[in-house]
Amino acid sequence: MSDLFQQFELKENELTVGPYCLKIAQVRDWEALVDLVTEDEFSEDEQLPYWAEIWASAFGLANMLAQKQWPGKKTLELGAGTGLVSLALAAAGAEVMATDLISDALRFIEYQAKNNHLQVATQVLDWRKLDGWPSYDLVVAADVLYEKRHLEPVIEAMKTLISPSGEAWITDPFRFPADTFAETATKAGFSVEIEEEELTWNEVSTRLRHFHLKHQS
């Protein structure tokens with residue numbers, strides 16, 4: 001994975017997530033990475049390198065899930081980014097598949113897993129194209145509801161990805177487009193519970209809501 005250090009200027013931090021101390025490598029200057037995105041790349045799918053930053057939602061979700069043990073739970077993370085949530089779940093015993101649309105994100109996750117002596121599988125995934133994908137005991141995602149047009153594709157993905165007895169946790173920092181997520185998911189056949197918390201991340205106080213989804217019985 002030394003090619004990561006040749007391609008990107010990196011920093012490595014230790015983060016305490018639940019009872020675990022994880023080593024996380026990140027791009028040192030996220031805004032400089034944004035400046036490298038070409039107009040053609042952005043216009044294709046409005047993709048910016050969100051994967052290269054640890055957002056408050058990812059830390060909050062990872063910290064919450066790390067309070068429990070998940071031995072053998074077949075788990076999928078959507079939009080895994082730097083992989084913090086996947087690493088926390090792997091540390092807590094889950095069998096984790098980390099996915100992202102951006103292949104560079106998966107290279108980082110593979111490095112993080114090796115650096116923390118954890119097992120995390122990776123695969124490129126566009127959650128709008130799920131033909132042939134299996135279902136999972138646990139599906140997780142952090143800050144994937146940042147535009148209203150993302151709500152229904154995420155809910156449709158959950159119909160495929162959550163096993164009949166499974167569950168999902170989706171964390172959002174009270175973005176306005178996600179305000180109707182619970183209602184929309186309920187209409188689509190899920191039971192939805194919401195847990196709220198406030199945490200300080202990068203010296204900024206942030207409110208989070210954790211959507212807990214299960215198939216309606």
Check your understanding: Are there any pairs with C-beta distances below 8 angstrom linking a residue in the range 56-75 that is on the phi > 0 side of the Ramachandran plot to a residue that is modelled with pLDDT of 95 or more, with the two at least 6 apart or on different chains, and if so which?
Key -> Gly72/Gly93; Gly72/Ala94; Gly72/Glu95
Check your understanding: Within the bounds of the range 24-38, is there any residue that is among the aromatic types (Phe, Trp, Tyr), at pLDDT 65 or above and surrounded by fewer than 18 Cβ atoms within 10 Å (Cβ to Cβ)?
Key -> no
Exercise for review: Determine whether Ala168 is in a strand (DSSP E or B), crowded, with 21+ Cβ neighbours inside 10 Å, touching a residue at least 40 places away in the same chain (Cβ under 8 Å) and not β-branched (Val, Ile, Thr).
Suggested key: yes
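Say we look at the range 121-160 and pick out the residues that are of a type in the set (Gly, Ala, Ser) and open to solvent by less than 60 Å² (accessible area, probe 1.4 Å); which of these is farthest from Pro71 (Cα to Cα)? Steps first, answer last, please.
Kept after step one, since they are of a type in the set (Gly, Ala, Ser), are these residues of the range 121-160: 121, 132, 135, 141-142, 157.
Retained after the next criterion (residues that are open to solvent by less than 60 Å² (accessible area, probe 1.4 Å)): 121, 135, 141-142, 157.
Details: Ala121: 16, Ser135: 17, Ala141: 19, Ala142: 21, Ala157: 24 Å.
The qualifying residue farthest from Pro71 (Cα to Cα) is Ala157.
Could you check the range 183-217 and list, in sequence order, the residues that are part of a helix (DSSP H, G or I) and either touching a residue at least 60 places away in the same chain (Cβ under 8 Å) or crowded, with 18+ Cβ neighbours inside 10 Å (or both)?
If the condition is that a residue be part of a helix (DSSP H, G or I) and either touching a residue at least 60 places away in the same chain (Cβ under 8 Å) or crowded, with 18+ Cβ neighbours inside 10 Å (or both), then Ala185 is the only one that fits.
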Exercise for review: For Trp127, indicate whether it is under 15 Å from the mean Cα position of the chain (by Cα), part of a loop (DSSP other than H, G, I, E, B) and among the aromatic types (Phe, Trp, Tyr).
Suggested key: yes
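The values are calculated or read from the model by the stated rules, or taken from the named source; none is laboratory data. Predicted model only: the values in this text are computed from it and were never measured. No Cβ is skipped: glycine too gets one built from the backbone with ideal geometry, and neighbour counts run over all protein chains shown. Accessible surface is based on the protein model in full, side chains and every heavy atom, while ligands, DNA and RNA are left aside. Shrake-Rupley method; radii C 1.70, N 1.55, O 1.52, S 1.80 Å.
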